[in-house]
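The structure appears right after this line, and notes come after that.
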Amino acid sequence: DAGVIQSPRHEVTEMGQEVTLRCKPISGHDYLFWYRQTMMRGLELLIYFNNNVPIDDSGMPEDRFSAKMPNASFSTLKIQPSEPRDSAVYFCASSPGGQPQHFGDGTRLSIL
Amino acid sequence: DQQVKQNSPSLSVQEGRISILNCDYTNSMFDYFLWYKKYPAEGPTFLISISSIKDKNEDGRFTVFLNKSAKHLSLHIVPSQPGDSAVYFCAASVYNQGGKLIFGQGTELSVKP
């Protein structure tokens, strides 16, 4: 079975540019989560969806971040404009009914 | 405010011996706990979980113990194998808050042959 698929695996871009991270959850999973991992803050939840509807976005750091889930098989996380402090590994995860969550291999984002 | 804490950043054990990873939490509303394992350049992989109605759950070489009064859980791996070398995260959730997980900072386990 295909797991959670994230693209790109690595992204390097300049400050001020728009960044779009993509995620394809496991088929049949009704929850989708976006996490960010940094040395300082560890693994922190940014936002999660249930049946394509955003449920909790309290972890989204600021208005520069937005996430969408237009259908059950696709989600995006956008950062506009990007800043060097956004550099981190971003993980997408999905689950059937909440737990346990299955993670993708992440996108390593570097903002210069 | 770190609600889930793993106070040991690293642990080194000999192959064949027991590995014990510890996790403390502060929020008494947490009622479901999970352990994840992470290799470099990969996402975390679910390992084992426990509900607050239990105090022990076992799956092969992995056992999780929960002490609700102490707000403490531990993961025991026995016997430890070199392939177990990874970063281990504990995570906690409140069931009626959907799938929201709070993660600890992780413990890097090194199992030496």
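Some observations on this one:
- Top-ranked residue in the stretch A:71-112 [being outside any strand (DSSP E or B), over 17 Å from A:ALA2 (Cβ atoms) and within 14 Å of another protein chain (Cβ to nearest Cβ); ranked as modelled with the highest pLDDT]: A:PRO100
- Which listed residue, of B:SER80, B:SER74, B:SER12, B:SER49, is surrounded by fewer than 16 Cβ atoms within 10 Å (Cβ to Cβ) and either under 28 Å from A:MET39 (Cβ atoms) or in contact with a His (Cβ under 8 Å, 6 or more places away or on another chain) (or both): B:SER12
- Total residues in the stretch A:36-70, condition in a strand (DSSP E or B), within 16 Å of A:GLY98 (Cα to Cα) and of a type outside the set (Phe, Trp, Tyr): 8
- Complete set of residues in the stretch A:54-67 that are more than 11 Å from every other protein chain (Cβ to nearest Cβ) and either over 16 Å from A:HIS29 (Cα atoms) or among the hydrophobic types (A, V, I, L, M, F, W, C) (or both): A:ASP57, A:MET60, A:PRO61, A:GLU62, A:ASP63, A:ARG64, A:PHE65, A:SER66, A:ALA67
- Residues that are loosely packed, with under 13 Cβ neighbours inside 10 Å and over 15 Å from B:GLY43 (Cα atoms) within the stretch A:1-14 comprise A:ASP1, A:VAL12, A:GLU14, listed in sequence order.
- Residue in the stretch B:9-18 that is more than 14 Å from chain A (Cβ to nearest Cβ), in a loop (DSSP other than H, G, I, E, B), in contact with a Phe, Trp or Tyr (Cβ under 7 Å, 6 or more places away or on another chain) and more than 29 Å from A:VAL89 (Cα to Cα) present: no
- Restricting attention to the stretch B:44-91, the residues that are within 14 Å of chain A (Cβ to nearest Cβ), under 22 Å from A:GLU44 (Cβ atoms) and out of contact with any Cys (no Cβ under 8 Å at 6 or more places or on another chain) add up to 10.
The values are calculated or read from the model by the stated rules, or taken from the named source; none is laboratory data. All values reported here derive from a predicted model rather than from experimental measurement. Backbone-built Cβ (ideal geometry, glycine too); neighbour counts: all protein chains shown.
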